[in-house]
Amino acid sequence: MTPHLTERRLAIVEAPSILGLKPTGVDRLPQALLENGLADRVGARHAGRVEPLPYSDERDAATGTLNARAIADWSPRLANAIGRVLDAGEFPLVLGGDCSILLGAMLALVDR
């Protein structure tokens, strides 16, 4: 039986991506939260940081999407980091960036 959330240790994965948005500073959110004591306050361990691929402000001609190839290449790397947390029996607390980080999280869950 899977332990209830309150019985599982939190593990923070930093995902400072702005690949699906634009440079607005949200990529600095994980570092700022950690520097201000988030991990200690919630009793979490730091499980790593998945650096995003370089940002481009050019949109894909066919879809109008920003950084589609970079998101597609980066998301499995994030999924692997989240998967390691899940495999350790911990609950991942993913600190991002923009909503493109959800793709990596969903990939990790689909694999399980």
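The values are calculated or read from the model by the stated rules, or taken from the named source; none is laboratory data. All values reported here derive from a predicted model rather than from experimental measurement. The accessibility values were calculated without ligands, DNA or RNA, using every heavy atom of the protein model including side chains. Shrake-Rupley method; radii C 1.70, N 1.55, O 1.52, S 1.80 Å.
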(Q) As I understand it, the value is the acute angle between the Cα axis of helix 68-87 and the longest principal axis of the Cα atoms of the chain; what does it come to in degrees, rounded to 10? (A) 10 degrees
Q.
So for the chain, considering every pair of alpha-carbon atoms, how many percent are separated by more than 24 Å?
A. 27 percent
**Q.** Solvent-accessible heavy-atom area per residue, rounded to whole Å², over the chain at 1.4 Å
**A.** 61 Å²
Q: For segment 36-88 and segment 8-25, compute the distance between their C-alpha centroids and round to whole Å.
A: 6 Å
**Q.** Surface share of carbon and sulfur [accessible, 1.4 angstrom probe, percent] for segment 1-93
**A.** 52 percent
